[in-house]
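Any read-out appearing in this document is the output of simple, stated calculations on the displayed coordinates, not a laboratory observation. Note that this is a predicted model, so its numbers are computed, not measured. Cβ atoms come from the backbone with ideal geometry, glycine included; neighbour counts cover every protein chain shown.
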Amino acid sequence: MLNRIIILTLLMLASCAKPENAPDRANRMSGKSLGETIEENRARLLSMPGVISVQAGDCGQDSCIKVTVQKKTEILMNQLPPMLETWRVDVAEAGN
């Protein structure tokens, strides 16, 4: 009985663990990596008044596109997309 409990516990833990060689989320269904998506959109985003930088970032469990702006204004926030390809766009004010 104890052996069964140990085996079941180990199986449950193993199913929750992330595989060592789990593929990075850098390749999505679109086939474009995070870097490719940033490079394709960087010039357009940087041309928006108030945008300071565009780079890869960490948004919790997933990678994202970090856009740094001078100030989060309503106009600028309406111009910035919430997603590019399959990547979330996270907007942060400089200095915060």
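Things worth noting here:
- Stokes-Einstein D for the range 28-89, Kirkwood Rh over Cα pairs, 20 °C, 1.002 mPa s (µm²/s): 179
- Long-range amide H partners of Asp90 with built H, under 5 Å: Ile65, Lys66, Val67
- Proximal charge balance of Glu39 [Cβ under 14 Å; K/R count +1, D/E count -1]: 0
- By the count of neighbouring beta-carbon atoms within 10 Å, fewest first, Asp90, Asp58 end up ordered Asp58, Asp90.
- Residues whose amide H comes within less than 5 Å of that of Cys59, counting only those at least five positions distant or on another chain, are Cys64 (H built at 1.01 Å from N in the peptide plane).
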